[in-house]
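Structure, as structure tokens:
Nothing in this text is a laboratory measurement; each read-out follows from the coordinates by a stated rule. Computed from a predicted model, the values in this text were never measured in an experiment. Cβ coordinates were reconstructed from backbone atoms using ideal geometry, including for glycine residues, and neighbour counts include every protein chain displayed.
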Amino acid sequence: MRWRFVLPSVSAMRLLNDLSRADVKLDRVKREGRRLSFVVTGLDKGKVIAYLDERGAAYRIRRASPLGLVYLGLKRPVLPLCALCLAVLLFLSFRLVWQIDVAGASSEINAQAQAIVAPYLGKWQHSIDTDSLCRQLVALDGVAQASVTTSGVKLKVELLTSLPKGELIEEQNAPIVASCDCVIRSIVVERGRALVKVGDTVKAGDVLIAPEYLVDKNADVTVPCPAIGTVTGLVYYEREEEWYRFETLRQFTGKETRSAVIKVGDKTLGALAPNPYALGEETVESIATDWLLPLVVERHTYREVVQKTVERDWNAQKEGFEAAVLARLEENIKKGVHLERKWCIIKETGFGYKIYAYAQAVTEVSTRPS
């Protein structure tokens, strides 16, 4: 912590000489007339206060601005350079392997594995070929499976003398396949062997993760194991609809007639009048009257309708129709799927226009075969 002292009226030369003889290190000394200010460290703060109180000098004290560190760095550039070099060395040291931990097998097998991975001590973590190292470890007698990972500055080697046994979930014995046509975006394999890579185009039903473990890549030797993992892909959705230039509308003329019959149980009293209109619509209304007898009055209403064909305005309806088609496309997509992009392609036909709506989304595409 650094502190700034401000003295409104003081004999500057005498004070500075006295503090220098007391071995007080002054920094950022500034003099304006009889006003004097300077900065000291926390170690020298007590000496300065004792000196000023002894002489009854008026002063103010406050924490120095952090900009003082910048000033100190400019005044002594070797300090920030040393700090920068130290930070770089610390960062680089954490990218090296300083410790090797081998576990999972007998002491004899662990010792043999330790001898294999010992040359990597002090090497850069990114220079370690884990696949090659695993093949060397699996080649040891008594090692069925090996995994090599880095954690901080430690290289961890885990060995299995036999593959896990016991009852596997029946579903996990099956491969993981693609649920639809897509382009692979990411693959996370917990168990099993990935048969595709990011960027591959697959079809529905293609195997993504096989229920096997690759023991020797060169000899293509595998052993069965459950297939567990998650695969996401870029999926395309599409929908097409037509917009017709001419539309037939039905309009009521305002003319209507009514006819009614009475029903008592299964019997009908009276007869309905026929529909007098060549083109019309009929509505039926049932009115129950249980207050006297279990009667039902069935009333039929006939309304006259005329049809006419009108030409629609494509320019006025284009934007709204595109939005409606895209909305209906989204209705058919599983909820929770985030669409990355939506667009439409429009082609003119003899009857109007055809709208092709498309959407793309990244979603999970891994599933089990049905």
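The table below gives the values:
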{"quantity": "Sum of side-chain charges, Asn17 neighbourhood, beta-carbon under 15 Å (Lys, Arg +1; Asp, Glu -1)", "calculated": "+4"}
{"quantity": "Under-5 Å amide H pairs with Ala273, H placed in peptide plane, nonlocal only", "calculated": "Ala260"}
{"quantity": "Full-extension gain in nm, Ala115 to Arg14, via 0.36 nm per residue minus C-alpha separation", "calculated": "29.2 nm"}
{"quantity": "Within straight-line cross-link reach of Lys47, lysines at Cα separation under 25 Å, skipping those fewer than 8 residues along the same chain", "calculated": "Lys25, Lys30, Lys75"}
{"quantity": "Virtual paramagnetic centre 7 Å along Cα→Cβ of Ser127, amide N under 19 Å, in region 85-119", "calculated": "89-101, 115-119"}
{"quantity": "Rounded to 10°, Cα long-axis angle of helix 78-93 versus longest principal axis of the chain", "calculated": "60"}
{"quantity": "Kirkwood hydrodynamic radius over Cα pairs of region 174-249, then Stokes diffusion coefficient at 37 °C and 0.692 mPa s, in µm²/s", "calculated": "226"}
{"quantity": "Between helix 107-117 and the chain: long-axis angle, C-alpha atoms, 0 to 90°, nearest 10", "calculated": "80"}
{"quantity": "Cβ charges +1 (Lys, Arg) and -1 (Asp, Glu), total dipole of the chain, debye", "calculated": "3520"}
{"quantity": "Filter on Lys197/Lys347; Lys308/Lys354; Lys318/Lys342; Lys263/Lys308; Lys197/Lys334; Lys203/Lys342 - keep pairs with C-alpha separation over 27 Å", "calculated": "Lys197/Lys347; Lys263/Lys308"}
{"quantity": "Shape of the chain, Cα gyration tensor, a/c cut at 1.5", "calculated": "oblate"}
{"quantity": "Two-site FRET efficiency, Asp266 against Glu242, from Cβ-Cβ distance with R₀ of 30 Å, rounded to 0.05", "calculated": "0.05"}
{"quantity": "Share of pairwise Cα separations in region 297-345, more than 17 Å, in percent", "calculated": "62"}
{"quantity": "Length gained when the stretch Ser37-Val78 is fully extended (0.36 nm per residue, less Cα-Cα span)", "calculated": "12.2 nm"}
{"quantity": "Extension gain, Arg63 back to Val198 (0.36 nm per residue minus Cα-Cα distance, nm)", "calculated": "43.0 nm"}
{"quantity": "Unit charges on C-beta of K, R, D, E only; dipole of region 107-213, Debye", "calculated": "420"}
{"quantity": "FRET efficiency, 1/(1 + (r/R0)^6) with R0 45 Å, evaluated for Ser93 and Val29 via beta carbons", "calculated": "0.65"}
{"quantity": "Degrees between helix 314-331 axis and first principal axis of the chain (Cα, 0 to 90, nearest 10)", "calculated": "70"}
